[in-house]
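To start, the structure under review is shown below, and the notes come after it.
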Amino acid sequence: MMDALMGFDPRRVAKFAGLGALFLFLCWQHVQATRIGYRVESTRREARALRSRVADLRLKVDETMAPAALAARANTKLGMIPATPSSLRSLAVNTAESGGLLPRLWARLPLVGPQRS
Amino acid sequence: MDLGLRLTVAASLALAPLLPLGARLAYLQVIRHDKLSTRASGEFARTAQEAAPRADLLDRQGRVLARSNPSWSCFVDKAMVKDANAFGARLAPLLQLPASEIARKTRAAHRFAWLKTKMGQAEYQKLIEARVEGLGIMPAQERVYPNGDLARGVLGLVGAEGKGLAGLELSQDKRLTGRGRRMEVIRDGHGRTIYKNVSDSGDTPDPVRLTLDRTAQYLAEEALREGGEKGQFKEGIIAIQDPRNGEILAMAAWPPNPLRNPLVQDAFEPGSTFKVVAALAAVDDRIVRPDELFSGENGKFQLTNGVTITDHEPEGNMNLSQIMEKSSNIGIAKVVERVGAARFYRLARAFGFGAKTGAPLPGESAGELKPLSDLTKVGLAVSSYGYGLAVSPLQMLGAYSAIANGGILWEPKLILDGKPPVKVRRVASERAVHEISAMLEAVVERGTASSARIPGYRAAGKTGTARKIDPLTRKYSTTAYTASFAGYLPASSPRWTILVVLHEPKGAYYGGLVAAPVFARVGSRLLALEGVPPDRPTDPALGTARR
C-alpha cells in the first residue's frame, strides 16, 4: 500500500536517475564547451600575438640582413671596401691534388674518429 | 460534487491563465521559430574571418623580398559615440594621434571611418584593454618590404585593401592572395568571444620565388643611386639577365618608383646599340666579307638630297668590325643598304623588337618598329643606327643575351615556377653570332667601350648614344641624350648580360663615357661575388690592378 502511494518502483527510479544523470551530463558538457570555447579564443589571440611577434622579429632579421644595411655596416663599422675580381685569390679545395708529397700522404691516412654516414 | 470533477475544475481554473502563455509559446516556438532563431543568432553568433595572409615574394635564393605581417586597423562606429571630443581625448594617447584629428574623423564619418591602420601588437593590446565604446578593431595584414626600396619597381605595391596595385603584386595578385580562416564564434553578455568551430580553414599560398638575385639587384641599384644622387643623370636603368636561360637577375631603376617599371613599361631610341642588328644580318647572310672595306667619308655622308649622315669622328676606310668598334653611322648605313630592308626588318623582328617579350609584369611596352613599307632608303639607314624606332630595355637585353649565348632568344623569365625556360627562336646562325661576338669584344678592347674593360676578363658589348626628342619642339634635342651600353661577360662563357641606360646625363653624354663604366663596375662586382676565374689571365692590366 505504502509502496503504491509513494510510487516506489526501482525501475522507474533508475529511469529517472538515468534521465537526470543524462541531463546533468549535457549541462556539464555545455558548460565545459563554453569554458573551452573561452580558452580556445584566448589561446587563439595569444597565438596571433605570438605570430605577430615572430613576424616582427623576422622582419628585423631581414632588415638587418638587407644588402644596403650590411654594406653600410661593413663600410662604416668594419672599414671594408668592395672586392675587385683581381684582388681575389682562389685556394684549391683539395690539398691532396694541389699539395706536394706530404699533403698527399696526409690525405691518404685513415680517419681517426668514427665515420659519419 | 464528485471529487474527481472538482479536482479537474480546480486544475483547469489553475491552469487556465497558462493557456495564453502556452499559445504564445507555441506561436513563438513553432510559427516564428526560424525568424526569431536567425535574429537571436545574429545577436550573439558571429563568423569571424582572419585577415588573409599574402604569399611571400622571395629572390632566387629564397631571401625575402616582400612579406605579409599581421597587423590591426581600428575604426570608429559613429552611432556608438556620444561625444566626439571625449572620444578623441580618450583615444589620443593610445593611438598616438592628436585628439582633434580623431574627433574630426569621427564627426566627418557617415557611420564608419578608419582611425588608424598598420598597428602593431602593443598598440592592439592597449586598445583591447581600454575597451572604448564606439571603437572597432580589425585584424589585417601589412605588406612589408624588408629591403626597403630594393626592386620596388619590379615588386610593385599593395593597396590598403590588400590588393596588388603595381608590379608583380598586381600581375601575380591571384597567385599571391590567400584565403583567411573563417570561424564560427558566439559572444557572451560582456561581448567576449567564445570559439565554436572552424567553418573554413583558409589557405596560405606558397611563396613565389623570383629569378631576381637580391645581391645583383643591390649592386645594380647601388651603381645607379650613386650617379643619380650626384645628379649625373636624370633617370637610369640597369638590367641583368642570365643569357643561358633568360632569367632576369636584376631590374634596377633610378629614381625608384614602385608604381612604375621603366624597364618594361618604357621604350627609348637605342642609338648605336641597335647596330648589331644590321651587322648580324650582313654576317649571317654573308653579304659582307670580314675584310671588306667601307668608306667613312671623313665623317660626313650625303645619303640623299637633304639627308646627311655624320659620325662623331671623321673616319677613313673601315671593315665591319671597325665600323662597330668606332660606332660609325656612315659605315653601318652603307652596310644596311647592302643588307636590304627585308633582311634587316626580319632580323629585328626575330630579335623580338616591336613585340612584347612576355615578361609577367603589367603594362609592358612593345616598343615601336617601323613597318617594312616605311623602311625607305633614309628610314633604313637611320634605323640601322637606332633612330626612328623605340625598344624596351627588356627587348634590348634579350637581344644581347641572344648574341651572348650563340643565337638563342629566350623569353625573359622572372618567376621560378619549376617550368623550363621558354626558347623563343634562333635568331641567326651560330657562326654569324660568334663573328658578331668577336666584333663586340673588339668594341670593348679597342673601340668606343674601352671603359667597360675589366682587368683579367673578356667583356663584349656596344655603346649607344641617342639624341632625345624635345617634347616641346617635337624635334631632336641638342642638349638631352640617352647614353647606353649593352654587353655581356665573361665573353668566353657569358654568365651575365648587362644593359645600362642613362637618360639625360650631365656633362659627358657618350654611352662609352658614362654607361660603359657603370657596366664595368657592376660586372666586376658580380665577377668578384661569384668568384669567377679570369678568362684572360695574361691581361697586362691585371698585373697593374693587382699591384
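Only the coordinates and a few stated rules stand behind these numbers; no lab work does. Predicted model only: the values in this text are computed from it and were never measured. With ideal geometry, Cβ positions are generated from the backbone for all residues, glycine too; neighbour counts draw on all protein chains shown.
Summary table
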| item | result |
| --- | --- |
| R0 of 56 Å, Cβ-Cβ distance residue B:373-residue B:230: FRET efficiency to nearest 0.05 | 0.75 |
| For A:78-89, mean number of other protein chain Cβ atoms within 10 Å | 6 |
| Relative packing of peptides B:271-277, B:454-460 - highest average C-beta neighbours within 10 Å first | B:271-277, B:454-460 |
| The protein assembly as shown: radius of gyration and largest Cα-Cα distance (Dmax), Å | 37.7, 145 |
| Cβ neighbours within 10 Å from other chains - mean over A:54-63 | 5 |
| Computed label-point distance, nm, for sites residue B:265 and residue B:133 using a 7 Å Cα→Cβ extension | 4.9 nm |
| FRET efficiency estimate (nearest 0.05) - Cβ-Cβ, residue B:476 to residue A:65, R0 56 angstrom | 0.75 |
| Inter-label distance, nm, simple model (7 Å from Cα along the C-beta direction), residue A:89/residue B:529 | 2.5 nm |
| Point-to-point label distance, residue A:54-residue B:431, nm (Cα→Cβ direction, 7 Å offset) | 6.2 nm |
| Other-chain or far-sequence residues with amide H under 5 Å of residue B:65's (modelled H) | B:57, B:58, B:59 |
| Cα-Cα over 23 Å, subset of B:356/B:419; B:326/B:370; B:234/B:356 | B:326/B:370; B:234/B:356 |
| Ranked packing of B:359-370, B:26-37, B:343-354, most packed first, by mean Cβ within 10 Å | B:343-354, B:359-370, B:26-37 |
| The stretch A:5-75: chymotrypsin sites (Phe, Trp or Tyr not before Pro) falling in loop per DSSP and having at most 16 other Cβ within 10 Å | A:8 |
| Stretch gain in nm, segment residue B:18-residue B:289, where the contour uses 0.36 nm per residue and the Cα spacing is subtracted | 86.1 nm |
| Bins of 10 Å from zero: percent of alpha-carbon pairs in the stretch B:1-82 | 12, 15, 17, 15, 13, 10, 8, 5, 3, 1, 0 |
| Range of Cα positions in chain B per principal axis (Å), largest first | 143, 51, 48 |
| Pairwise centroid distance, computed over Cα atoms, of the stretch B:480-500 with the stretch B:227-281, Å | 10 Å |
| For chain B, calculated [θ]222 nm from helices alone, where every DSSP H run of n ≥ 4 adds -39500 (n - 2.57) | -10500 deg cm²/dmol |
| Averaged over A:45-52, number of beta-carbon atoms from partner chains that fall within 10 Å | 4 |
| Surrounding net charge for residue B:266, when Lys and Arg each add one and Asp and Glu each subtract one, Cβ distance under 14 Å | -1 |
| More than 26 Å apart - percent of Cα-Cα pairs taken over the stretch B:392-533 | 29 percent |
| Efficiency of FRET between residue A:14 and residue B:108 - r from beta-carbon atoms, R0 60 angstrom, step 0.05 | 0.30 |
